[in-house]
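The structure under discussion appears below in the form of C-alpha coordinates.
The values are calculated or read from the model by the stated rules, or taken from the named source; none is laboratory data. The model shown is predicted, which means the values in this text are computed figures rather than measured ones. No Cβ is skipped: glycine too gets one built from the backbone with ideal geometry, and neighbour counts run over all protein chains shown.
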Amino acid sequence: MLVEGDRVAFRGPTLADPRPSDVVDLQGKTLYPAFVDNHCHILPTGLDLQKLHLGFATSHGEIVDAVRDRMDSIDERGWLHAVHYDQTKYGGVHLTRVDLDAISSTTPILLRHVNGHASIANSAALRAADIGDREPDPAGGSYGRFEDGTLNGVLFESAHELVSHRAPTPSVEEMTEAILLAGDRMAELGISCASDMMTGRFNLLQELDAYRMAEERGCRIQTRLYLQWGEVFRKDGTWRSPDMAEALQCVKPRISGIKIFADGAIGSATAAIYGQYSGASTSGSALSRHAKEAGDHTEREVSGQLIYSPDRLNEMVRMADAAGYQVAIHTIGDYSTDLVLDAFERLDDPSRHRIEHAMLLDDAQIDRMARLGCYCSMQPEFLMRFGHSYRRQLGEERTRMLKRFRSVKDAGIPLSFSSDRPIVAGDPIDGIRIAVNRPDGFDPSENLTVEEAIDAYTVAGARVTGDEGELGSLETGQLARFHTREI
(Lines give C-alpha, C1' and ligand atoms only; values in the text may rest on other atoms or scores of the structure.)
Protein backbone atom coordinates (compact mmCIF):
# COMPACT_ATOMS: atom_id res chain seq x y z
CA MET A 1 0.00 0.00 0.00
CA LEU A 2 1.39 3.38 -1.04
CA VAL A 3 0.38 6.40 1.04
CA GLU A 4 0.81 9.88 -0.40
CA GLY A 5 -0.15 12.74 1.89
CA ASP A 6 -3.16 11.51 3.85
CA ARG A 7 -4.55 9.24 1.11
CA VAL A 8 -4.07 5.70 -0.13
CA ALA A 9 -2.48 6.16 -3.56
CA PHE A 10 -2.06 2.50 -4.50
CA ARG A 11 -2.81 -1.00 -3.27
CA GLY A 12 -1.50 -4.15 -4.84
CA PRO A 13 0.80 -7.15 -4.49
CA THR A 14 3.94 -5.18 -5.40
CA LEU A 15 5.06 -1.59 -5.71
CA ALA A 16 7.60 -0.72 -8.40
CA ASP A 17 10.90 0.72 -7.17
CA PRO A 18 10.02 1.90 -3.64
CA ARG A 19 12.71 3.94 -1.97
CA PRO A 20 14.03 2.02 1.08
CA SER A 21 13.64 5.06 3.31
CA ASP A 22 9.95 5.17 2.54
CA VAL A 23 9.19 1.51 3.33
CA VAL A 24 7.54 0.55 6.62
CA ASP A 25 7.98 -3.14 7.42
CA LEU A 26 5.15 -4.31 9.70
CA GLN A 27 7.13 -7.46 10.56
CA GLY A 28 4.22 -9.81 10.11
CA LYS A 29 1.51 -7.66 11.69
CA THR A 30 -1.85 -7.23 10.01
CA LEU A 31 -2.89 -3.79 8.82
CA TYR A 32 -6.54 -2.92 9.55
CA PRO A 33 -8.65 0.04 8.45
CA ALA A 34 -9.26 2.42 11.35
CA PHE A 35 -12.51 1.82 13.21
CA VAL A 36 -15.64 3.92 12.81
CA ASP A 37 -17.77 4.33 15.96
CA ASN A 38 -21.03 5.56 14.48
CA HIS A 39 -23.01 5.67 17.73
CA CYS A 40 -21.40 7.20 20.79
CA HIS A 41 -21.41 10.36 22.91
CA ILE A 42 -18.16 12.22 22.40
CA LEU A 43 -18.63 15.33 24.54
CA PRO A 44 -20.16 13.36 27.46
CA THR A 45 -17.25 10.91 27.26
CA GLY A 46 -14.76 13.70 27.84
CA LEU A 47 -16.84 15.21 30.65
CA ASP A 48 -17.35 11.82 32.34
CA LEU A 49 -13.61 11.26 32.51
CA GLN A 50 -13.61 14.03 35.11
CA LYS A 51 -16.49 12.63 37.24
CA LEU A 52 -16.65 10.06 40.05
CA HIS A 53 -16.79 6.60 38.45
CA LEU A 54 -18.78 3.99 40.42
CA GLY A 55 -18.09 1.01 38.18
CA PHE A 56 -15.93 -0.58 40.87
CA ALA A 57 -18.70 -0.64 43.50
CA THR A 58 -20.33 -3.92 44.54
CA SER A 59 -22.44 -2.64 47.44
CA HIS A 60 -24.43 0.36 48.61
CA GLY A 61 -21.81 0.97 51.29
CA GLU A 62 -19.00 1.29 48.74
CA ILE A 63 -21.03 3.86 46.79
CA VAL A 64 -21.80 5.92 49.89
CA ASP A 65 -18.14 5.86 50.96
CA ALA A 66 -16.93 6.92 47.51
CA VAL A 67 -19.43 9.79 47.30
CA ARG A 68 -18.55 10.96 50.81
CA ASP A 69 -14.83 10.91 49.97
CA ARG A 70 -15.49 12.95 46.82
CA MET A 71 -17.31 15.69 48.73
CA ASP A 72 -14.00 17.26 49.83
CA SER A 73 -13.22 18.29 46.24
CA ILE A 74 -16.62 19.86 45.43
CA ASP A 75 -16.91 23.64 45.15
CA GLU A 76 -19.52 25.38 47.36
CA ARG A 77 -21.71 26.08 44.35
CA GLY A 78 -20.88 22.87 42.51
CA TRP A 79 -22.67 19.57 42.04
CA LEU A 80 -21.29 16.14 42.84
CA HIS A 81 -21.74 14.04 39.70
CA ALA A 82 -21.11 10.30 39.69
CA VAL A 83 -21.46 7.91 36.77
CA HIS A 84 -21.89 4.15 36.22
CA TYR A 85 -24.25 3.59 39.15
CA ASP A 86 -25.94 0.18 38.70
CA GLN A 87 -28.45 -1.09 41.26
CA THR A 88 -28.53 -4.55 39.65
CA LYS A 89 -25.05 -5.17 41.10
CA TYR A 90 -26.24 -4.55 44.66
CA GLY A 91 -29.30 -6.76 44.94
CA GLY A 92 -31.52 -4.76 42.58
CA VAL A 93 -32.50 -2.21 45.25
CA HIS A 94 -31.87 1.46 44.57
CA LEU A 95 -30.28 3.92 46.92
CA THR A 96 -32.63 6.78 47.81
CA ARG A 97 -32.28 10.46 48.51
CA VAL A 98 -32.24 9.61 52.24
CA ASP A 99 -28.92 7.79 51.73
CA LEU A 100 -27.46 10.74 49.82
CA ASP A 101 -28.90 13.37 52.17
CA ALA A 102 -26.89 11.74 54.95
CA ILE A 103 -23.78 12.72 52.99
CA SER A 104 -24.95 16.26 52.20
CA SER A 105 -28.30 17.98 52.33
CA THR A 106 -26.97 21.20 50.77
CA THR A 107 -24.70 20.12 47.88
CA PRO A 108 -26.67 18.64 44.95
CA ILE A 109 -25.68 15.01 44.39
CA LEU A 110 -26.63 13.06 41.27
CA LEU A 111 -25.65 9.45 40.57
CA ARG A 112 -26.25 8.65 36.91
CA HIS A 113 -27.22 5.11 36.04
CA VAL A 114 -24.78 3.18 33.87
CA ASN A 115 -27.36 3.09 31.06
CA GLY A 116 -27.79 6.88 31.07
CA HIS A 117 -31.57 6.66 31.41
CA ALA A 118 -31.98 7.03 35.18
CA SER A 119 -30.30 8.55 38.21
CA ILE A 120 -30.48 8.98 41.99
CA ALA A 121 -30.75 12.54 43.33
CA ASN A 122 -30.50 13.90 46.84
CA SER A 123 -32.93 16.50 48.16
CA ALA A 124 -30.64 19.40 47.23
CA ALA A 125 -30.60 18.28 43.58
CA LEU A 126 -34.40 18.00 43.56
CA ARG A 127 -34.72 21.48 45.06
CA ALA A 128 -32.33 22.87 42.45
CA ALA A 129 -34.70 21.55 39.80
CA ASP A 130 -37.77 22.98 41.61
CA ILE A 131 -39.21 19.52 42.15
CA GLY A 132 -41.39 19.09 45.22
CA ASP A 133 -42.04 16.05 47.38
CA ARG A 134 -45.24 15.09 45.55
CA GLU A 135 -44.38 16.22 42.03
CA PRO A 136 -46.49 14.44 39.38
CA ASP A 137 -44.67 12.30 36.85
CA PRO A 138 -43.51 14.22 33.75
CA ALA A 139 -44.37 13.16 30.21
CA GLY A 140 -41.93 10.49 29.07
CA GLY A 141 -40.62 9.74 32.55
CA SER A 142 -41.43 8.96 36.16
CA TYR A 143 -40.28 9.42 39.75
CA GLY A 144 -39.60 6.66 42.23
CA ARG A 145 -41.66 7.10 45.39
CA PHE A 146 -41.75 6.05 49.03
CA GLU A 147 -44.83 4.23 50.29
CA ASP A 148 -46.44 7.52 51.31
CA GLY A 149 -46.19 8.82 47.73
CA THR A 150 -43.34 11.26 48.30
CA LEU A 151 -40.34 11.20 45.95
CA ASN A 152 -37.50 8.89 46.95
CA GLY A 153 -34.91 10.44 44.61
CA VAL A 154 -34.96 7.73 41.92
CA LEU A 155 -35.46 9.35 38.51
CA PHE A 156 -36.40 7.63 35.27
CA GLU A 157 -36.06 8.97 31.71
CA SER A 158 -37.36 12.57 31.35
CA ALA A 159 -37.50 12.94 35.16
CA HIS A 160 -33.76 12.23 35.18
CA GLU A 161 -33.28 14.83 32.44
CA LEU A 162 -35.24 17.48 34.36
CA VAL A 163 -32.81 17.26 37.25
CA SER A 164 -29.57 16.73 35.34
CA HIS A 165 -30.31 19.73 33.12
CA ARG A 166 -30.31 22.01 36.16
CA ALA A 167 -26.66 21.31 36.90
CA PRO A 168 -24.18 24.03 35.84
CA THR A 169 -23.52 23.94 32.10
CA PRO A 170 -19.88 23.57 31.04
CA SER A 171 -18.40 26.51 29.16
CA VAL A 172 -17.55 26.28 25.46
CA GLU A 173 -13.88 26.03 26.39
CA GLU A 174 -14.60 23.19 28.85
CA MET A 175 -16.64 21.42 26.16
CA THR A 176 -13.83 21.83 23.64
CA GLU A 177 -11.27 20.39 26.03
CA ALA A 178 -13.61 17.46 26.78
CA ILE A 179 -14.03 16.69 23.06
CA LEU A 180 -10.27 16.78 22.54
CA LEU A 181 -9.75 14.47 25.54
CA ALA A 182 -12.37 12.01 24.26
CA GLY A 183 -10.80 12.15 20.79
CA ASP A 184 -7.39 11.27 22.25
CA ARG A 185 -8.80 8.25 24.09
CA MET A 186 -10.66 7.00 21.03
CA ALA A 187 -7.71 7.48 18.68
CA GLU A 188 -5.60 5.34 21.03
CA LEU A 189 -8.09 2.51 20.36
CA GLY A 190 -7.69 2.78 16.58
CA ILE A 191 -10.86 4.84 16.00
CA SER A 192 -10.65 7.54 13.33
CA CYS A 193 -14.26 8.72 13.03
CA ALA A 194 -17.10 8.86 15.55
CA SER A 195 -20.71 10.06 15.60
CA ASP A 196 -22.02 12.00 18.57
CA MET A 197 -25.56 10.74 19.08
CA MET A 198 -27.08 13.46 21.24
CA THR A 199 -25.66 16.85 20.27
CA GLY A 200 -27.62 19.58 22.04
CA ARG A 201 -27.62 18.02 25.50
CA PHE A 202 -26.44 21.31 27.07
CA ASN A 203 -26.74 24.09 24.49
CA LEU A 204 -26.84 23.26 20.80
CA LEU A 205 -25.10 26.34 19.41
CA GLN A 206 -22.40 26.25 22.07
CA GLU A 207 -21.79 22.55 21.47
CA LEU A 208 -21.51 23.14 17.72
CA ASP A 209 -18.93 25.84 18.46
CA ALA A 210 -17.03 23.43 20.71
CA TYR A 211 -16.91 20.71 18.05
CA ARG A 212 -15.70 23.27 15.48
CA MET A 213 -13.01 24.53 17.85
CA ALA A 214 -11.90 20.99 18.67
CA GLU A 215 -11.50 20.25 14.96
CA GLU A 216 -9.49 23.43 14.46
CA ARG A 217 -7.22 22.46 17.37
CA GLY A 218 -6.42 19.11 15.80
CA CYS A 219 -8.93 16.69 17.28
CA ARG A 220 -7.53 13.24 16.53
CA ILE A 221 -10.83 11.85 15.27
CA GLN A 222 -13.30 13.06 12.67
CA THR A 223 -16.69 13.80 14.21
CA ARG A 224 -20.22 13.46 12.86
CA LEU A 225 -23.13 14.99 14.75
CA TYR A 226 -26.70 13.80 15.31
CA LEU A 227 -28.78 16.60 16.83
CA GLN A 228 -31.55 16.10 19.37
CA TRP A 229 -34.90 16.56 17.65
CA GLY A 230 -36.17 19.10 20.19
CA GLU A 231 -33.11 21.32 19.71
CA VAL A 232 -33.84 21.71 15.99
CA PHE A 233 -37.64 21.71 15.74
CA ARG A 234 -40.49 23.18 17.71
CA LYS A 235 -43.38 20.91 18.66
CA ASP A 236 -45.34 22.13 15.63
CA GLY A 237 -42.51 21.04 13.31
CA THR A 238 -41.19 24.50 12.47
CA TRP A 239 -37.52 25.38 12.95
CA ARG A 240 -36.64 26.47 16.49
CA SER A 241 -35.25 29.73 15.10
CA PRO A 242 -35.77 31.36 11.69
CA ASP A 243 -32.12 31.00 10.68
CA MET A 244 -31.66 27.45 12.04
CA ALA A 245 -31.89 25.65 8.68
CA GLU A 246 -29.34 27.96 7.04
CA ALA A 247 -27.02 27.90 10.05
CA LEU A 248 -26.92 24.11 10.21
CA GLN A 249 -25.90 23.85 6.56
CA CYS A 250 -22.70 25.76 7.29
CA VAL A 251 -21.65 23.87 10.41
CA LYS A 252 -18.36 22.00 10.63
CA PRO A 253 -18.01 19.16 11.56
CA ARG A 254 -20.73 17.61 9.44
CA ILE A 255 -24.25 17.19 10.78
CA SER A 256 -25.35 13.70 9.82
CA GLY A 257 -28.86 13.46 11.21
CA ILE A 258 -31.48 13.85 13.93
CA LYS A 259 -31.66 11.71 17.08
CA ILE A 260 -34.92 10.57 18.71
CA PHE A 261 -35.40 8.37 21.78
CA ALA A 262 -38.34 5.95 21.59
CA ASP A 263 -37.89 4.18 24.94
CA GLY A 264 -35.52 3.68 27.87
CA ALA A 265 -33.11 0.92 28.87
CA ILE A 266 -33.26 -2.60 30.29
CA GLY A 267 -31.16 -1.96 33.40
CA SER A 268 -33.60 0.67 34.66
CA ALA A 269 -36.62 -1.34 33.44
CA THR A 270 -37.64 1.53 31.16
CA ALA A 271 -37.15 -0.16 27.77
CA ALA A 272 -40.63 -0.66 26.31
CA ILE A 273 -41.08 -4.43 26.11
CA TYR A 274 -43.81 -6.98 25.60
CA GLY A 275 -44.50 -8.80 28.86
CA GLN A 276 -43.17 -7.97 32.30
CA TYR A 277 -39.80 -7.28 33.88
CA SER A 278 -38.66 -9.88 36.38
CA GLY A 279 -36.43 -7.47 38.33
CA ALA A 280 -37.46 -5.46 41.38
CA SER A 281 -36.90 -1.99 39.89
CA THR A 282 -39.68 -1.08 37.47
CA SER A 283 -41.17 2.06 36.01
CA GLY A 284 -44.16 1.53 33.77
CA SER A 285 -46.33 4.52 34.53
CA ALA A 286 -46.13 6.07 31.08
CA LEU A 287 -47.06 2.98 29.10
CA SER A 288 -50.63 2.95 30.30
CA ARG A 289 -51.10 6.41 28.79
CA HIS A 290 -49.55 5.53 25.45
CA ALA A 291 -50.58 1.91 24.95
CA LYS A 292 -54.14 2.80 24.01
CA GLU A 293 -52.81 4.69 21.00
CA ALA A 294 -50.57 1.90 19.70
CA GLY A 295 -53.18 -0.21 17.91
CA ASP A 296 -52.55 -3.91 17.40
CA HIS A 297 -49.23 -3.89 19.24
CA THR A 298 -50.95 -3.72 22.64
CA GLU A 299 -52.85 -6.99 22.36
CA ARG A 300 -50.09 -8.29 24.59
CA GLU A 301 -49.11 -6.97 28.01
CA VAL A 302 -46.46 -4.25 27.81
CA SER A 303 -44.03 -2.78 30.35
CA GLY A 304 -41.46 -0.01 30.46
CA GLN A 305 -41.40 3.57 29.26
CA LEU A 306 -42.35 5.10 25.93
CA ILE A 307 -40.79 8.53 25.59
CA TYR A 308 -43.49 9.68 23.14
CA SER A 309 -46.93 8.46 22.20
CA PRO A 310 -47.01 6.50 18.91
CA ASP A 311 -48.79 9.35 17.13
CA ARG A 312 -46.25 11.88 18.36
CA LEU A 313 -43.33 9.64 17.36
CA ASN A 314 -44.80 9.25 13.87
CA GLU A 315 -45.09 13.01 13.49
CA MET A 316 -41.56 13.71 14.74
CA VAL A 317 -40.08 11.19 12.30
CA ARG A 318 -42.13 12.64 9.44
CA MET A 319 -40.94 16.19 10.21
CA ALA A 320 -37.25 15.28 10.34
CA ASP A 321 -37.52 13.19 7.18
CA ALA A 322 -39.30 16.01 5.34
CA ALA A 323 -36.49 18.39 6.36
CA GLY A 324 -34.02 16.07 4.61
CA TYR A 325 -32.36 14.54 7.66
CA GLN A 326 -31.42 10.96 8.32
CA VAL A 327 -33.28 9.91 11.48
CA ALA A 328 -31.60 7.71 14.12
CA ILE A 329 -33.98 6.28 16.71
CA HIS A 330 -32.98 4.71 20.03
CA THR A 331 -35.19 1.67 20.57
CA ILE A 332 -34.20 -1.18 22.88
CA GLY A 333 -37.46 -2.98 23.70
CA ASP A 334 -39.38 -5.08 21.20
CA TYR A 335 -42.58 -3.11 21.80
CA SER A 336 -40.97 0.25 21.03
CA THR A 337 -39.20 -1.26 18.00
CA ASP A 338 -42.57 -2.16 16.51
CA LEU A 339 -43.65 1.45 16.94
CA VAL A 340 -40.45 2.74 15.33
CA LEU A 341 -40.96 0.42 12.38
CA ASP A 342 -44.51 1.73 12.10
CA ALA A 343 -43.13 5.27 11.86
CA PHE A 344 -40.54 4.32 9.23
CA GLU A 345 -43.12 2.41 7.22
CA ARG A 346 -45.02 5.65 6.64
CA LEU A 347 -42.05 7.26 4.87
CA ASP A 348 -41.25 7.21 1.16
CA ASP A 349 -37.73 5.87 1.75
CA PRO A 350 -37.24 4.12 5.11
CA SER A 351 -33.89 2.72 3.97
CA ARG A 352 -32.04 6.00 4.62
CA HIS A 353 -32.83 5.95 8.35
CA ARG A 354 -31.31 4.20 11.38
CA ILE A 355 -32.49 1.93 14.19
CA GLU A 356 -30.19 2.09 17.22
CA HIS A 357 -29.72 -0.88 19.59
CA ALA A 358 -32.74 -3.11 18.69
CA MET A 359 -31.84 -5.43 21.52
CA LEU A 360 -35.03 -7.50 21.65
CA LEU A 361 -36.06 -8.72 18.19
CA ASP A 362 -38.28 -11.59 17.10
CA ASP A 363 -38.17 -13.19 13.63
CA ALA A 364 -41.12 -11.15 12.34
CA GLN A 365 -39.44 -7.89 13.33
CA ILE A 366 -36.20 -8.92 11.63
CA ASP A 367 -38.14 -9.73 8.45
CA ARG A 368 -39.87 -6.37 8.68
CA MET A 369 -36.61 -4.48 9.12
CA ALA A 370 -35.19 -6.28 6.11
CA ARG A 371 -38.18 -5.24 3.97
CA LEU A 372 -37.78 -1.62 5.02
CA GLY A 373 -34.03 -1.72 4.40
CA CYS A 374 -33.16 0.63 7.28
CA TYR A 375 -29.74 0.62 8.93
CA CYS A 376 -29.24 -1.11 12.28
CA SER A 377 -26.47 -0.23 14.73
CA MET A 378 -25.75 -2.60 17.63
CA GLN A 379 -23.26 -2.56 20.52
CA PRO A 380 -21.70 -5.99 21.19
CA GLU A 381 -19.86 -4.78 24.28
CA PHE A 382 -23.21 -4.45 26.11
CA LEU A 383 -23.35 -8.25 26.35
CA MET A 384 -20.08 -8.34 28.27
CA ARG A 385 -20.74 -5.34 30.53
CA PHE A 386 -24.44 -5.73 31.39
CA GLY A 387 -25.24 -9.43 31.26
CA HIS A 388 -25.93 -9.48 35.01
CA SER A 389 -28.40 -6.62 34.64
CA TYR A 390 -30.20 -8.18 31.67
CA ARG A 391 -30.64 -11.52 33.43
CA ARG A 392 -32.01 -9.83 36.52
CA GLN A 393 -34.50 -7.71 34.60
CA LEU A 394 -35.51 -10.12 31.81
CA GLY A 395 -34.69 -13.62 33.02
CA GLU A 396 -32.41 -16.15 31.35
CA GLU A 397 -34.58 -17.04 28.34
CA ARG A 398 -35.10 -13.53 26.97
CA THR A 399 -31.56 -12.49 27.85
CA ARG A 400 -30.18 -15.38 25.80
CA MET A 401 -31.68 -13.93 22.61
CA LEU A 402 -30.56 -10.31 22.99
CA LYS A 403 -28.73 -8.68 20.08
CA ARG A 404 -29.27 -11.20 17.31
CA PHE A 405 -26.21 -10.37 15.19
CA ARG A 406 -26.29 -13.42 12.90
CA SER A 407 -30.03 -13.28 12.24
CA VAL A 408 -29.90 -9.58 11.41
CA LYS A 409 -26.86 -10.01 9.17
CA ASP A 410 -28.31 -13.02 7.33
CA ALA A 411 -31.57 -11.15 6.71
CA GLY A 412 -29.64 -8.61 4.66
CA ILE A 413 -30.15 -5.74 7.11
CA PRO A 414 -27.24 -3.22 6.92
CA LEU A 415 -25.63 -4.01 10.29
CA SER A 416 -22.91 -1.89 11.89
CA PHE A 417 -21.32 -1.98 15.33
CA SER A 418 -20.61 0.88 17.72
CA SER A 419 -19.99 1.54 21.40
CA ASP A 420 -22.48 4.05 22.90
CA ARG A 421 -19.57 5.30 25.02
CA PRO A 422 -19.37 6.46 27.80
CA ILE A 423 -21.93 3.77 28.70
CA VAL A 424 -19.11 1.26 28.15
CA ALA A 425 -15.33 1.51 27.70
CA GLY A 426 -15.81 1.33 23.94
CA ASP A 427 -12.81 -0.67 22.69
CA PRO A 428 -13.78 -2.05 19.24
CA ILE A 429 -11.44 -5.02 19.79
CA ASP A 430 -13.64 -6.10 22.71
CA GLY A 431 -16.72 -5.66 20.55
CA ILE A 432 -15.29 -7.78 17.73
CA ARG A 433 -14.33 -10.59 20.10
CA ILE A 434 -17.78 -10.56 21.71
CA ALA A 435 -19.58 -10.58 18.36
CA VAL A 436 -17.51 -13.59 17.32
CA ASN A 437 -17.80 -15.44 20.63
CA ARG A 438 -20.81 -14.28 22.62
CA PRO A 439 -20.46 -14.58 26.42
CA ASP A 440 -21.99 -17.49 28.33
CA GLY A 441 -25.74 -17.12 28.58
CA PHE A 442 -26.16 -15.62 25.09
CA ASP A 443 -27.14 -17.79 22.13
CA PRO A 444 -23.91 -18.79 20.30
CA SER A 445 -25.81 -19.36 17.06
CA GLU A 446 -25.94 -15.54 16.76
CA ASN A 447 -22.13 -15.26 16.51
CA LEU A 448 -20.48 -13.65 13.48
CA THR A 449 -17.19 -14.46 11.80
CA VAL A 450 -14.14 -12.31 12.55
CA GLU A 451 -14.30 -10.80 9.07
CA GLU A 452 -17.98 -9.89 9.45
CA ALA A 453 -17.38 -8.28 12.84
CA ILE A 454 -14.45 -6.21 11.54
CA ASP A 455 -16.58 -5.11 8.59
CA ALA A 456 -19.31 -3.96 10.99
CA TYR A 457 -16.81 -1.66 12.75
CA THR A 458 -15.20 -0.33 9.56
CA VAL A 459 -16.75 -0.15 6.10
CA ALA A 460 -20.31 -0.81 7.34
CA GLY A 461 -19.87 1.82 10.03
CA ALA A 462 -18.71 4.39 7.47
CA ARG A 463 -21.56 3.57 5.09
CA VAL A 464 -24.24 4.62 7.59
CA THR A 465 -23.00 8.20 7.87
CA GLY A 466 -22.18 8.65 4.19
CA ASP A 467 -18.43 8.13 4.63
CA GLU A 468 -18.16 5.06 2.41
CA GLY A 469 -15.44 5.74 -0.14
CA GLU A 470 -13.59 7.92 2.36
CA LEU A 471 -13.14 5.52 5.29
CA GLY A 472 -13.40 1.89 6.24
CA SER A 473 -11.63 -0.25 3.63
CA LEU A 474 -8.31 1.44 2.63
CA GLU A 475 -9.16 1.30 -1.05
CA THR A 476 -7.26 3.56 -3.43
CA GLY A 477 -8.28 7.15 -2.85
CA GLN A 478 -9.50 6.65 0.71
CA LEU A 479 -8.08 8.43 3.73
CA ALA A 480 -5.06 6.50 5.03
CA ARG A 481 -6.45 5.82 8.51
CA PHE A 482 -5.26 2.46 9.81
CA HIS A 483 -3.82 0.54 12.78
CA THR A 484 -2.09 -2.74 13.60
CA ARG A 485 -3.78 -3.66 16.88
CA GLU A 486 -4.12 -7.39 17.38
CA ILE A 487 -7.65 -8.76 17.01
For this session: Being touching a residue at least 40 places away in the same chain (Cβ under 8 Å) and within 14 Å of Leu181 (Cα to Cα) is the filter; apply it to segment 45-59 and report the residue that is surrounded by the most Cβ atoms within 10 Å (Cβ to Cβ).
Result: Gly46
Exercise. Mind checking which residues of segment 1-27 are of a type in the set (Lys, Arg) and modelled with pLDDT of 90 or more?
Worked result: Arg7
Exercise. For Val36, are the conditions met, namely being assigned to a strand (DSSP E or B) and out of contact with any helix residue (DSSP H, G or I) (no Cβ under 9 Å at 6 or more places or on another chain)?
Worked result: no
For this session: Among the residues of segment 89-102, write down those that are assigned to a helix (DSSP H, G or I) and over 23 Å from Leu49 (Cα atoms).
Result: Arg97, Val98, Asp99, Asp101
Exercise. Which fully enclosed helices (runs of 4 or more DSSP H) of segment 217-325 have 2 or more residues being in contact with a Cys (Cβ under 6 Å, 6 or more places away or on another chain) and modelled with pLDDT of 75 or more?
Worked result: none
For this session: Name the residue, out of Ser407, Ser419, Ser377, that is closer than 19 Å to His84 by Cβ and touching a residue at least 24 places away in the same chain (Cβ under 8 Å).
Result: Ser419
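With the structure loaded, tell me whether Ala102 is over 11 Å from Trp79 (Cβ atoms), aliphatic (A, V, I, L, M) and out of contact with any strand residue (DSSP E or B) (no Cβ under 8 Å at 6 or more places or on another chain) or whether it fails that test.
When the stated conditions are applied, Ala102 passes them.
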For this session: Output the residues belonging to segment 46-60 that are at pLDDT below 95 and either part of a helix (DSSP H, G or I) or of a type outside the set (A, V, I, L, M) (or both).
Result: Leu47, Asp48, Gln50, Lys51, His53, Gly55, Phe56, Thr58, Ser59, His60
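Look through Thr465, Thr476, Thr449 and report the one residue that is of a type outside the set (Asp, Glu) and closer than 15 Å to Phe35 by Cα.
Details: Thr476 fails: closer than 15 Å to Phe35 by Cα; Thr449 fails: closer than 15 Å to Phe35 by Cα.
That would be Thr465, the only listed residue that is of a type outside the set (Asp, Glu) and closer than 15 Å to Phe35 by Cα.
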For this session: Please go through segment 158-198 and pick out each residue that is assigned to a loop (DSSP other than H, G, I, E, B), touching a helix residue (DSSP H, G or I) at 6+ places or on another chain (Cβ under 7 Å) and among the aliphatic types (A, V, I, L, M).
Result: Leu189
